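The values are calculated or read from the model by the stated rules, or taken from the named source; none is laboratory data. Everything numeric here is computed off the predicted structure, so don't read it as measured data. When we count neighbours, we look across all protein chains shown, and the Cβ atoms used for this are built from the backbone with ideal geometry, even at glycine.
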Amino acid sequence: MEKKKLTIFVVRNDDEPTRKVVVSTLWLKLAGGLFAATALAVLAGIVDYTGLLAQSIENKRLRVENAQLLKQFQIVEGKVTALENGLERVKTFTTKLRLITNLDQEDRSLQLAMGAAPQANASVQEYDQPMEKRPTVQEFEAGDMNEAQKSMVDEQSGELAVTAGKDYRTLAIRIDRAIQDTQLREQSVLDLWETLSERQSLLASTPNIRPAKGWYSSKFGYRVSPFTGKPSMHAGLDIAASLGSPVYAPGDAMVSYTGFDDGYGKLITLDHGYGITTRFGHLSQIYVQVGQKVSRWDVVGSVGSTGRSTSPHLHYEVRLNDVPRNPHLYILEE
């Protein structure tokens, strides 16, 4: 069977002879198919490139938007954290007020005990430890710090995820909880205010401020005595301060004792009523007399190093019915 062919005559306007081109229809079909496939591939490439370009533009827009959302989220999270910290301080403050004013229980001595209380016939260490064995300010601050470590977020890639446990759902729960806590704290404070309004005298006489400006160099509780090497009770707080610094009355009281003790050195005892007394030892000067009435923030003496002491500091005690209690529990500013 003879193959079909296509004859094409090429006629020119000049004197050149007419040319004849004979092409097989099979080759013509193959050329047409190849051209169509090439055109289709080029068109598909153009469409795909256009889609990728649009997606790239959208991704850039999303990365910018995610970066902005991330910054806004971090700002909101910081505000929620500050709110939670504020609520915690209010809660602590309210709890201390309830404890020192005996709002929750009649057995005040049990509520006011923080840490160990002296046992029967146990030796009580009334004095402080040598300065060279005291921890530094940095060590005290490091012990109280509790900083959360945050991981980095890849903002360039548009990542919106934050550290574990810190996403939008968690933040929403924290906000709801903070709102509920705020309502509870508000009602608690209102109830507390109504009760305290009736107990102004008790509140005014309760020792609730730090009696000297300085840093704590020795805590309340049982420890190995640096003088005897045996376990004993340190009945108060040691506040390191410069020589001659003022010592303030922590609440309204009457001066019940002034004098010198071999251990305490120059000593002042204030009677605040309600079974509460405070002691101030190692003073360099005493500015009050027995029987004198003092108010909170009145200067009663100055920091010294008299008695059994190695450096200037104030030994401060709070006693309830002559039993030492942790002064930290009374100090509302902390």
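Which members of the range 301-334 meet the condition of being in a loop (DSSP other than H, G, I, E, B) and not small (Gly, Ala, Ser)?
Selection gives Thr306, Arg308, Thr310, Pro312, Asn321, Asp322, Asn326, Tyr330, Ile331, Leu332, Glu333, Glu334.
Enumerate the strands (runs of 3 or more DSSP E) found wholly within the range 253-300, keeping only those where 1 or more residues are of a type in the set (S, T, N, Q) and touching a residue at least 40 places away in the same chain (Cβ under 8 Å).
Values: elements: 253-261, 265-273, 276-286.
In the range 253-300, 276-286 are the strands (runs of 3 or more DSSP E) which contain 1 or more residues that are of a type in the set (S, T, N, Q) and touching a residue at least 40 places away in the same chain (Cβ under 8 Å).
If we scan the range 69-86, do we find a residue that is within 26 Å of the chain's Cα centre (by Cα), among the small types (Gly, Ala, Ser), closer than 24 Å to Leu190 by Cβ and surrounded by 12 or more Cβ atoms within 10 Å (Cβ to Cβ)?
For the range 69-86, residues within 26 Å of the chain's Cα centre (by Cα), among the small types (Gly, Ala, Ser), closer than 24 Å to Leu190 by Cβ and surrounded by 12 or more Cβ atoms within 10 Å (Cβ to Cβ): present.
Which of the following residues is surrounded by fewer than 16 Cβ atoms within 10 Å (Cβ to Cβ), modelled with pLDDT of 85 or more and of a type outside the set (A, V, I, L, M): Asp262, Asp238, Asp252?
Working: Asp238 fails: surrounded by fewer than 16 Cβ atoms within 10 Å (Cβ to Cβ); Asp252 fails: surrounded by fewer than 16 Cβ atoms within 10 Å (Cβ to Cβ).
On inspection, the qualifying residue turns out to be Asp262.
Criterion first (of a type in the set (Val, Ile, Thr), without any contact (Cβ under 8 Å) to a residue 60 or more places away in the chain, loosely packed, with under 10 Cβ neighbours inside 10 Å and not assigned by TED's automatic domain parsing to the domain that holds Ile331) does Val23 satisfy it?
no
Look through Arg12, Arg63, Arg89 and report the one residue that is of a type in the set (Lys, Arg), loosely packed, with under 12 Cβ neighbours inside 10 Å and farther than 30 Å from Asn208 by Cβ.
Among Arg12, Arg63, Arg89, only Arg12 is of a type in the set (Lys, Arg), loosely packed, with under 12 Cβ neighbours inside 10 Å and farther than 30 Å from Asn208 by Cβ.
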